[in-house]
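Written out below as structure tokens is the structure these notes cover.
The values are calculated or read from the model by the stated rules, or taken from the named source; none is laboratory data. Model, not experiment: these values are computed from the prediction. Please note: Cβ atoms are built from the backbone with ideal geometry, for glycine as well, and neighbour counts cover all protein chains shown.
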Amino acid sequence: MATFKFRIHGKSDPTNIYIQVSLGRGKVYERKTGYLINPKHWSKQGKPINPRDSKLKAKLEKLDSKLNKLKDTLVEKKNNAVQNKEVINGDWLRYQIDVIKGDISLDSKNYLTNHIQFIIDNADMVRKSNNKLGLSQNRIKGYKTFKNTILRFEGETNDEKSFLIKNIDTNFQNDFIRWLKNKNYSDNYIGKNIDNLKAVCNHAKSEGIEVSKLLANIKGFTGEDKDSEDIIILTEAEQTKIAETTLVKESLINARKWLLLGCRLGQRFSDLIRVNPDMIVFRYGIEVLKIKQVKTGKVVKIPLDEFASDMIKNDMPHPISNQKFNDYIKDICKAAEINTPTKGAVYLETETKDPHKAKTPGVYPKWQLVGSHVCRRSYASQHYGEMPTTILKNITGHKTEAMLLRYVGEDEDKEDKLLAKYILGKRNQKSENADLRIIKKVSNN
């Protein structure tokens, strides 16, 4: 159960009154209330004293009333936040205090954090780049993460005050990038944050809100493309080795089913985890899995082999979280001795496991590098060149062939095989056509 209490620090006059919220062990957050008091007038009970002087008493009673009102409102907002599964931390506390005291108006979309929240609250009416209405759940989640990042940036660089959208310019962009880099975030994640920043400002502009004249100069970016060695896949031989490895823990046995099924379906984890027998349909004599992808909104049909069909119908694993899946499949691949030295990047033991922070690059046993993306990449790599590219990129959810090729990674041996297959096919076709002309000429004689 959360508890709220007021505190002061130091003996200077006046001194700030802080409010502290405790959500449990290791979850204690404290921020300034914006109210000041003489330390001599503060009691050990965490509230203003009750003096005999009538004028001072009236003044302190008024302050006490404001503090109690602040606490009661925060308790209500905390309950709503828990119900809505919001992240409650120091940034949340700072923001709520500003709103309650009127330092920030919830109706004012001129502030960056407010406008991000406005987009989240009205996600079904936001127009996307393809001119369609409505943001996906993943995009909404992305905006929530972006808002929390901005709140932290405000707390550390702007005395916990909200930024006005009209002041978002190239100087702001550069300060934001430097701050993100100091947090050791990856270049791709930093670039996405700048993309989000510009998207929010452009949306504000469409709502008639004043923006900086330098907004057009704000541009997102991506880090360097992954080298082929960074594209982690499981070959068919490795998948067989994983399937034949003896596992004892039920959690690993269950995760292995998801891993092997994922390599045969080529879907993102958000789609893989929703697979069920009702999605199996027949098309022109073959079984396919018909699923609407969460991210793209597309309905795709994936041909099923005997293994995938049998598992979906008779041996479906029970759902797990993406995080647990990522952890378990490393243990599974380690047990299966998937140890090929592979170029990649991992978190070292001393590093915090933040998916947006830069990892330490190097050469590691492959099992250390596998994650949920390995399913989709393995499927794409296995079927590229054998399945028509148009069908393959629809199944994997890539918009263009170029994106698919970057995802698969360059494979010189596979390209050589495709080239040989193409040339030999052309030669055979010419030979067949020549034979047909000879036969036709003979028959005419």
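Scan (1) of a type in the set (Ser, Thr, Tyr); (2) over 19 Å from the mean Cα position of the chain (by Cα); (3) modelled with pLDDT of 85 or more for the single condition Tyr143 breaks and write down its number.
Among (1) of a type in the set (Ser, Thr, Tyr); (2) over 19 Å from the mean Cα position of the chain (by Cα); (3) modelled with pLDDT of 85 or more, Tyr143 violates only (2).
I'd like to know if the stretch 35-49 contains one or more residues that are among the β-branched types (Val, Ile, Thr), within 13 Å of Ile8 (Cβ to Cβ), in the same structural domain as Tyr95 (by TED's automatic domain parsing) and under 46 Å from the mean Cα position of the chain (by Cα). Give the steps one after another, and end with the answer.
Narrowing the stretch 35-49 to residues among the β-branched types (Val, Ile, Thr): 37, 49.
Among the residues that remain, those that are also within 13 Å of Ile8 (Cβ to Cβ) are: 37, 49.
So of that shortlist, the ones also in the same structural domain as Tyr95 (by TED's automatic domain parsing) come out as 37, 49.
Of the ones still in play, those that are also under 46 Å from the mean Cα position of the chain (by Cα) are 37.
Yes, because at least one residue in the stretch 35-49 is among the β-branched types (Val, Ile, Thr), within 13 Å of Ile8 (Cβ to Cβ), in the same structural domain as Tyr95 (by TED's automatic domain parsing) and under 46 Å from the mean Cα position of the chain (by Cα).
Residue by residue, here is whether (1) outside the structural domain of Asn322 (by TED's automatic domain parsing); (2) touching a Cys at 6+ places or on another chain (Cβ under 9 Å); (3) at pLDDT 85 or above holds:
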site: Lys366; (1), (2), (3): no, yes, yes
site: His373; (1), (2), (3): no, no, yes
site: Tyr379; (1), (2), (3): no, yes, yes
site: Ile391; (1), (2), (3): no, no, yes
site: Thr396; (1), (2), (3): no, no, yes
site: Leu404; (1), (2), (3): no, no, no
site: Lys430; (1), (2), (3): yes, no, no
site: Leu436; (1), (2), (3): yes, no, no
site: Val442; (1), (2), (3): yes, no, no
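I'm trying to understand the selection: among the residues of the stretch 55-91, which are touching a strand residue (DSSP E or B) at 6+ places or on another chain (Cβ under 8 Å) and assigned to a helix (DSSP H, G or I)? If you could, list the steps in order and put the result at the bottom.
If we filter the stretch 55-91 for residues that are touching a strand residue (DSSP E or B) at 6+ places or on another chain (Cβ under 8 Å), which is where we start, we get 60-61, 63-64, 66-67, 70-71, 74-75, 78, 88-90.
The answer is Leu60, Glu61, Leu63, Asp64, Lys66, Leu67, Leu70, Lys71, Leu74, Val75, Lys78, Gly90.
Can Asp159 be described as assigned to a loop (DSSP other than H, G, I, E, B), loosely packed, with under 13 Cβ neighbours inside 10 Å and of a type in the set (Asp, Glu)?
Values: assigned to a loop (DSSP other than H, G, I, E, B): yes; loosely packed, with under 13 Cβ neighbours inside 10 Å: yes; of a type in the set (Asp, Glu): yes.
For Asp159, the condition - assigned to a loop (DSSP other than H, G, I, E, B), loosely packed, with under 13 Cβ neighbours inside 10 Å and of a type in the set (Asp, Glu) - is met.
Suppose the filter is assigned to a helix (DSSP H, G or I) and modelled with pLDDT under 90; does Asn130 pass it?
So Asn130 fails the test.
Let me spell it out: the conditions are (1) in contact (Cβ under 8 Å) with a residue 60 or more places away in the chain; (2) closer than 24 Å to Thr296 by Cα; (3) out of contact with any strand residue (DSSP E or B) (no Cβ under 6 Å at 6 or more places or on another chain), and Ser321 meets all of them except one. Which number is the exception?
Every condition holds for Ser321 apart from (1).
Cβ-Cβ under 8 Å, sequence separation 6+ or interchain: first residue in the stretch 223-241 and under 21 Å from Lys359 (Cα atoms), partner at pLDDT 90 or above and part of a loop (DSSP other than H, G, I, E, B). Which pairs?
Ile232/Leu369; Ile232/Val370; Ile232/Gly371
What's the number of the condition Arg31 fails, among (1) surrounded by 15 or more Cβ atoms within 10 Å (Cβ to Cβ); (2) closer than 15 Å to Lys66 by Cα?
Going through the list (1) surrounded by 15 or more Cβ atoms within 10 Å (Cβ to Cβ); (2) closer than 15 Å to Lys66 by Cα, Arg31 breaks only (2).
Here is a list of conditions, (1) among the basic types (Lys, Arg); (2) in contact with a Lys or Arg (Cβ under 6 Å, 6 or more places away or on another chain); (3) modelled with pLDDT under 90, and Arg283 meets all of them except one; can you say which number that is?
The number of the failed condition is (2).
Under 7 Å between Cβ atoms, at least 6 apart or on separate chains: pull out the pairs that start in the stretch 266-281 with a residue that is touching a residue at least 60 places away in the same chain (Cβ under 8 Å) and end on any residue that is surrounded by fewer than 18 Cβ atoms within 10 Å (Cβ to Cβ) and not in a loop (DSSP other than H, G, I, E, B).
Short answer, once both residue conditions are applied: Phe269/Asn322.
When you go through (1) under 16 Å from the mean Cα position of the chain (by Cα); (2) over 21 Å from Lys295 (Cβ atoms); (3) among the basic types (Lys, Arg) one by one for Lys181, which number turns out not to apply?
(1)
Is it true that Ile242 is closer than 30 Å to Pro303 by Cα and assigned to a loop (DSSP other than H, G, I, E, B)? Lay out the reasoning, then the answer.
Values: closer than 30 Å to Pro303 by Cα: yes; assigned to a loop (DSSP other than H, G, I, E, B): no.
No.
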